[in-house]
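S.K.: Below you'll find the structure I mean.
Each reported figure results from applying straightforward, stated rules to the coordinates on display, with no laboratory input. Owing to the predicted nature of the structure, the values given are computational and were not obtained by experimental measurement. Here the Cβ positions follow ideal geometry from the backbone for every residue, glycine too, while neighbour counts run over all protein chains shown.
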Amino acid sequence: MTSPKPDVGAAMPQMTLARVGGGTVQIGAPRERWTMLFVYRGRHCPRCKRFLNKLDAALADWTAVMDVVVVSADGEAKARADHEEFGWSFPLCYGLCVDQMRALGLYVSAPLSEAETTGLFAEPGAFGIRPDGTLMLVDLSNGPAARPDLDELLDGMTFNIDEDRPTRGMA
């Protein structure tokens with residue numbers, strides 16, 4: 001069972017995420033710039049790697065417009081292994097707990113076997129966060145196959161930012 005979707009236009013749940021390489025990243029608190037938070041399933045997911053490799057290849061375009069943060073429920077060792085294997089440039093965070101997953105309205109899955117992973121993990125999500133910490137955009141998936149098109153998402157977010165568009169789809 002998943003928690004209700006977070007309300008766009010409302011404050012993003014504030015969380016402190018541990019970052020590979022040390023330090024933390026604050027999400028939901030006021031910042032200087034917009035932030036796009038991507039949640040991925042973890043080291044066990046090859047579709048996540050393809051998606052994140054595409055994101056990393058386009059990262060300069062993204063960071064020209066907003067900050068980018070990526071997180072999974074993986075522990076530090078798995079996240080560090082991904083970071084070392086792929087050399088991603090974006091801030092890679094780890095340790096997303098079930099309470100945080102539920103606060104974000106993410107779908108939560110159990111592994112199909114220990115070969116996949118050993119604990120509960122979040123299904124993919126993308127969150128566009130205004131500098132004041134409110135949610136502009138929420139995109140949730142209940143499985144690895146449905147992901148936003150990164151070019152379309154960046155184009156749309158750039159338009160929303162440049163034109164100071166209002167949040168749409170509010171409850």
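S.K.: Pull the list of the chain cysteines that no other Cys approaches to under 4.7 Å, Cβ to Cβ.
M.R.: Lone cysteines by the Cβ rule: 93, 97.
S.K.: Further question: Quick one: Karplus J couplings for segment 90-100, per residue in order, coefficients 6.51, -1.76, 1.60, θ = phi - 60°, nearest Hz, x for Gly and Pro?
M.R.: Couplings: 6, x, 9, 10, 8, x, 4, 8, 4, 4, 5 Hz.
S.K.: Starting from the Cα-Cα distance between residue 54 and residue 32, subtract it from 0.36 nm times their residue separation and give me the gain in nm to one decimal.
M.R.: Here the answer is 5.4 nm.
S.K.: Here is a further query. For segment 25-171, what is the percent of antiparallel DSSP beta bridges, rounded to the nearest 5?
M.R.: 65
S.K.: For the chain, what is the mean residue ellipticity at 222 nm derived from helices alone (per DSSP H run of n ≥ 4: -39500 (n - 2.57); sum divided by total residues; nearest 500 deg cm²/dmol)?
M.R.: -8000 deg cm²/dmol
S.K.: Shifting gears a bit: Taking the Cα centre of segment 1-111 as the origin, how large is its charge dipole in debye, to the nearest 20, when only Lys and Arg (+1) and Asp and Glu (-1) carry charge on their Cβ atoms?
M.R.: Dipole of segment 1-111, to the nearest 20 debye: 280 debye.
S.K.: State the extension gain, in nm to one decimal, for the chain segment bounded by residue 103 and residue 149, taking 0.36 nm per residue of separation less the distance between their alpha-carbons.
M.R.: 14.1 nm
S.K.: What is the helix-to-structure angle for 76-86, meaning the angle in degrees between its Cα long axis and the longest Cα principal axis of the chain, kept from 0 to 90 and rounded to the nearest 10?
M.R.: Tilt relative to the chain: about 80 degrees.
S.K.: Efficiency by 1/(1 + (r/R0)^6): what FRET value for residue 115 and residue 47, r their Cβ-Cβ distance, R0 = 22 Å, to the nearest 0.05?
M.R.: E between residue 115 and residue 47, to the nearest 0.05, is 0.85.
S.K.: In degrees between 0 and 90, to the nearest 10, how far off the longest principal axis of the chain does helix 46-57 point, with axes built from Cα atoms?
M.R.: Between the helix axis and the principal axis of the chain, the angle is about 40 degrees.
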